[in-house]
Amino acid sequence: MSQSPTDPIAQRLFRLSLGVFFIGGFVASSISLLVPRMRLTLGLSYTAATSIQLASFSSYLLFAAPVAAIVAATGYMRAHAIGLAMMALGCVALIAGLVQQQYAIVLPALLAIATGATFLQIASNTAVTMVGDPRRAAVRLNLLQGFNSLGTVAGPALGATTIVSTRAATDPIGAPLPFALAALVLAVLAIAFFRHRDLLRGLPAGSLHMTRAAWRGALGDRRLLFGAGAIFAYVGAEVTIGTLLTDFLMSDHALGWAAGGAAGLVTLYWGGAMAGRFAGAAVMRHLAPAKVLGVAALMATALVFAAVVASGPVAAAALLLVGVFNSVMYPTIYVLALPDRPEQTAPAAMLLCVAVVGGAVVPVLTGTLADRIGLIPALLLPAGCYLPIAAFGRYARHPRLSE
């Protein structure tokens with residue numbers, strides 16, 4: 001089989017994207033550990049502590065439109081460089097806030113990191129989907145999400161001894177270490193993408209247009225809008241569980257472990273996501289992605305419910321196993337929801353990026369419920385989030401029509 005002229009470009013983009021997905025997962029999972037840390041050091045309620053995720057994910061709602069416009073004006077590769085640089089600067093600001101133990105500095109620093117991540121959500125996922133064989137888009141994105149999960153495993157593994165530890169209340173120095181390492185890697189990646197800023201020049205997928213016709217087409221695409229709702233629900237559920245998992249494992253309902261040990265066990269949750277994404281990429285070579293998505297969503301619902309009604313190691317194992325089934329959701333929803341027409345990719349990617357704000361909304365709602373009715377029953381909210389994902393998987397089994 002002859003090689004397409006775009007194949008070498010797609011391969012280079014894929015290799016560059018490995019680092020982006022890894023460090024994105026590392027930073028996100030490290031931020032999740034700030035919730036139990038803030039509860040330990042400042043005695044915050046669940047509602048106040050989960051506002052960390054509100055600050056971290058609200059940028060997807062606030063800045064998705066201007067970021068999408070910048071991506072359209074600069075192109076995917078330059079947008080990568082901008083986003084990576086912003087995340088690096090945000091990590092530096094976060095370090096200052098943690099060292100000084102100033103919550104007022106931590107929240108805007110998280111917003112800066114999330115704004116940089118917004119660039120990557122729009123630019124990276126869309127570029128990888130559009131550049132290369134479209135039949136393999138779901139496989140490519142699941143493989144890259146596997147490296148994202150590798151980062152989410154590394155984050156808690158390091159964070160358990162730095163961000164959350166038995167010395168967390170008296171040690172302001174350990175917590176910044178993961179974010180210092182992240183800032184260094186982010187800066188190196190920003191330079192690499194800037195050096196390759198013209199990689200996609202001349203390709204149809206490298207040119208973004210946000211015309212009124214493109215917007216009308218995107219807003220009239222029922223499958224895209226359904227997919228955006230599914231991403232809202234998925235990100236909300238995954239972030240909520242990852243954020244509250246340490247507290248769950250510390251509770252008498254589950255294991256009753258100390259903070260450091262519980263945070264270390266969170267690596268199994270993200271490790272399950274890593275294994276699931278690599279396995280999912282292999283499974284989707286033989287099974288329709290929409291079917292895999294539907295089954296995964298139903299299994300996740302059942303496992304969260306089991307974690308609520310069971311107790312002890314069974315409850316802990318059930319909630320940790322949710323990561324395995326979370327694994328295939330985001331990349332599969334993204335690929336299934338994204339329109340086929342290149343001119344609609346920019347507004348569609350923006351809508352899908354806005355939907356990530358579920359990671360700001362659902363954790364705070366769950367935290368508020370936890371303060372009122374308890375942490376364990378509050379987990380029924382993220383459990384319910386998986387049902388619309390299962391519904392989207394069923395809907396997306398049908399081929400796209402001119403919607």
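The values are calculated or read from the model by the stated rules, or taken from the named source; none is laboratory data. Just so we're clear, the structure is a prediction, and the values are computed from it rather than from any experiment. So basically every Cβ, Gly included, is an ideal-geometry build from the backbone, and we count neighbours across all protein chains shown. Just the protein is used for accessible areas: all its heavy atoms, side chains included, with ligands, DNA and RNA removed. Shrake-Rupley method; radii C 1.70, N 1.55, O 1.52, S 1.80 Å.
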Restricting attention to region 184-197, does a residue exist that is over 17 Å from the mean Cα position of the chain (by Cα) and either modelled with pLDDT under 85 or part of a loop (DSSP other than H, G, I, E, B) (or both)? yes
Of these, GLY159, GLY146, GLY151, which one is in contact (Cβ under 8 Å) with a residue 40 or more places away in the chain, crowded, with 23+ Cβ neighbours inside 10 Å and touching a Leu at 6+ places or on another chain (Cβ under 7 Å)? GLY159
So for region 93-107 (the condition being small (Gly, Ala, Ser), closer than 19 Å to VAL188 by Cα and either part of a helix (DSSP H, G or I) or open to solvent by 10 Å² or more (accessible area, probe 1.4 Å) (or both)), does at least one residue qualify? yes
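Give ARG136, ARG140 a once-over and let me know the one that is without any contact (Cβ under 8 Å) to a residue 60 or more places away in the chain and either under 28 Å from ALA349 (Cα atoms) or open to solvent by 10 Å² or more (accessible area, probe 1.4 Å) (or both).
The match here is ARG136.
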Filter pass, ALA318 being in contact with a Leu (Cβ under 6 Å, 6 or more places away or on another chain), open to solvent by less than 20 Å² (accessible area, probe 1.4 Å) and at pLDDT 90 or above: yes
Scanning for something among the hydrophobic types (A, V, I, L, M, F, W, C) and either touching a Gly at 6+ places or on another chain (Cβ under 7 Å) or free of Cβ contacts under 8 Å to residues at least 12 places away in the same chain (or both), does region 220-229 turn up at least one residue? no
With respect to the numbered conditions (1) surrounded by fewer than 22 Cβ atoms within 10 Å (Cβ to Cβ); (2) modelled with pLDDT of 90 or more, which one is the sole condition not fulfilled by GLU403? (2)
Looking at this structure, is LEU13 of a type in the set (A, V, I, L, M) and open to solvent by 20 Å² or more (accessible area, probe 1.4 Å)? no
Condition set among the hydroxyl-bearing types (Ser, Thr, Tyr) and part of a loop (DSSP other than H, G, I, E, B), scope region 129-183, selection modelled with the lowest pLDDT: answer is THR166
So for region 60-83 (the condition being part of a helix (DSSP H, G or I), polar (S, T, N, Q) and open to solvent by less than 10 Å² (accessible area, probe 1.4 Å)), does at least one residue qualify? no
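Report yes if LEU44 is open to solvent by 10 Å² or more (accessible area, probe 1.4 Å) and part of a loop (DSSP other than H, G, I, E, B), otherwise no.
Answer is yes for this residue.
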Being part of a helix (DSSP H, G or I) and either over 14 Å from VAL128 (Cβ atoms) or modelled with pLDDT under 80 (or both) is the filter here, so list the residues in region 4-21 that pass it. ASP7, PRO8
Within region 227-270, the count of residues that are among the polar types (S, T, N, Q) and at pLDDT 90 or above comes to 2
Return yes or no: is ARG277 open to solvent by 30 Å² or more (accessible area, probe 1.4 Å), basic (Lys, Arg), within 25 Å of ALA138 (Cα to Cα) and touching a residue at least 24 places away in the same chain (Cβ under 8 Å)? no
What number of residues in region 286-310 are open to solvent by 30 Å² or more (accessible area, probe 1.4 Å), outside any helix (DSSP H, G or I) and among the small types (Gly, Ala, Ser)? 1
I'd like to know if region 104-118 contains one or more residues that are under 21 Å from ALA228 (Cα atoms) and either touching a strand residue (DSSP E or B) at 6+ places or on another chain (Cβ under 9 Å) or at pLDDT below 85 (or both). no
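Conditions (1) at pLDDT 80 or above; (2) closer than 21 Å to LEU365 by Cβ; (3) of a type in the set (Val, Ile, Thr), marked per residue:
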position	(1), (2), (3)
SER2	no, no, no
ALA49	no, yes, no
LEU54	no, yes, no
VAL67	yes, no, yes
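Conditions tested, residue by residue: (1) in contact with a His (Cβ under 9 Å, 6 or more places away or on another chain); (2) within 18 Å of GLN53 (Cα to Cα).
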residue	(1), (2)
THR74	no, no
MET77	yes, no
LEU89	no, no
GLN101	no, yes
LEU111	no, yes
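Enumerate the helices (runs of 4 or more DSSP H) found wholly within region 311-382, keeping only those where 1 or more residues are of a type in the set (D, E, K, R).
358-373
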Quick check on VAL304: is it modelled with pLDDT of 95 or more and more than 17 Å from the chain's Cα centre (by Cα)? yes
